[in-house]
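Before any comments, here is the structure.
No value in this document is a laboratory result; all are computed from the given coordinates. Owing to the predicted nature of the structure, the values given are computational and were not obtained by experimental measurement. Heads up, the Cβs are rebuilt from the backbone with ideal geometry, glycines too, and the neighbour counts pull from every protein chain shown.
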Amino acid sequence: MTQQTIVDRNTNLDFLRFIAISCIILAHMGIPTIIFQARNFDVPLMVLLSGISFSLYSSKSYSSYPSYLYSRFIRLIIPTWIFLVFYNSMIWAGNNDIPSTYNLCLQFSLIGGSDIGIWIIRIFFSMAIIAPFLLKINNQLISNKAFFITLFVTYIIYEIFLYNSRLILPEELFKITKLIILFTVSYGVIFLFGIRIPSLKSKEIKLSILVFGIVFFTSLSILYAQNNKIIPTQQFKYPPQIYYFSYALFASLVLFYLTKFHESKLYQLRLFQFIGRSTLWIYLWHWFFIKVYNYINIDLHYFSKYMVIYSSTIVLVYVQTSLVSLVTDRKILNTNKNRLLIKLFTG
């Protein structure tokens, strides 16, 4: 693989991350149902891209499991904790409302207890925990036939376990099972698929698009016949089920196919590349601007609200990364501290 190929692929992946994070933020703007449904592929797309990136880049620099996990902890969890400290301090300063110790524990364990969607961070860290093991599974399944059979069987077992655990387990125990096992296994299947995707040929990706499209439209038709109305995939998201995943993977693979096999200068625009490489802090800071917007209590059209919050977030993250670059370029700190600063505040 040439260096130019790596750069081109990374550019395309950053463009897809830009699409995914843009859709995630859009979901929090009070948008119409049809738009909400159209963008409801964003989180699975991000997980799929994480699998692809791990396969192409992260796994190449993998040295040991503890050092890898420490690196992911620094990149994902510590920035989230830093933001949560700031966010809760802001709430306390604004209305003297101090979160309970219980809610703070839920927040910092990424389980809940906040109006911030921190569950997404939990998903990405859980994927980081199991990523090396999924890579080994992928490498052992040499043929694509064996790989897809394994993927299919794993997901069927997951659906059976989900159905039965919901019926059998007490409500509180099911909640714990859902958070720890069900979300990890379901998104783990997506991550594993992402690891495999770079080795798939064009016709195999097209076939995958066809299969997921058929599954989605079949599920849509069955649910419509049962309910006499179109059921949003959102209703099958917590925990994820086949109706939600089939649409998300259908849309995600279409976008992946278009960017992989159809070149465009659009993918290389600096704005899109910056957003695609700054998704964590853009995700975190957009909650801050949503809070500010609600506090000011102004009423804008959802698209205007989206543009104000999104653009404000991008500007703030750009200032943040520029300040980090200013510090690191001037070598005010030593090399290790510069690296830490970059990991914490530029992801």
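Computed quantities for the displayed model
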quantity: Choice from M90, M46, M127 showing the highest fluctuation, given a GNM over the chain with Cα pairs closer than 10 Å; calculated: M90
quantity: Shape of segment 263-347, Cα gyration tensor, a/c cut at 1.5; calculated: oblate
quantity: GNM result for the chain, Cα springs below 10 Å: residue of L253, L48, L141 fluctuating most strongly; calculated: L141
quantity: Fewest-first ranking of C105, C23, using other Cβ atoms within 10 Å as the exposure measure; calculated: C105, C23
quantity: Cα centroid separation, segment 182-244 to segment 260-290 (Å); calculated: 24
quantity: Distance between modelled label sites at V327 and I342, nm, 7 Å Cα→Cβ extension; calculated: 1.4
quantity: Label selected from (i) 26, 42, 28, 5; (ii) 28, 57, 14, 0; (iii) 27, 61, 12, 0, the criterion being P(r) over Cα pairs in 20 Å bins from 0, in percent as computed here; calculated: (iii)
quantity: Ranked F217, F174, criterion: other C-beta atoms within 10 Å, fewest first; calculated: F217, F174
quantity: Gain upon complete extension [Y65, I35; 0.36 nm per residue less C-alpha separation]; calculated: 6.7 nm
quantity: Residue order, fewest to most surrounding Cβ atoms within 10 angstrom, among D97, D42, D115; calculated: D97, D115, D42
quantity: Around N144: net Lys/Arg minus Asp/Glu count, Cβ-Cβ under 12 Å; calculated: +3
quantity: Highest-MSF residue in the chain out of I298, I160, I309 [GNM, Cα springs under 10 Å]; calculated: I298
quantity: Estimated 222 nm signal from helices in the chain, with DSSP H stretches of n ≥ 4 weighted -39500 (n - 2.57), rounded to 500; calculated: -24500 deg cm²/dmol
quantity: Difference of contour (0.36 nm per residue) and Cα-Cα distance, N227 to N95; calculated: 43.1 nm
quantity: Under 14 Å from the F86 label point (7 Å along Cα→beta-carbon), backbone N, segment 26-70; calculated: none
quantity: Listed residue pairs exceeding 32 Å between alpha carbons, taken from K206/K305; K265/K337; K136/K206; calculated: K206/K305; K265/K337
quantity: Residue-wise HN-Hα coupling along segment 23-40, computed from phi with Karplus coefficients 6.51, -1.76, 1.60 (Hz; x: Gly, Pro); calculated: 6, 4, 5, 4, 4, 9, 10, x, 7, x, 4, 5, 6, 4, 5, 4, 8, 7
quantity: Label-point gap, in nm, between L106 and Y302 - each point 7 angstrom along Cα→Cβ; calculated: 2.6
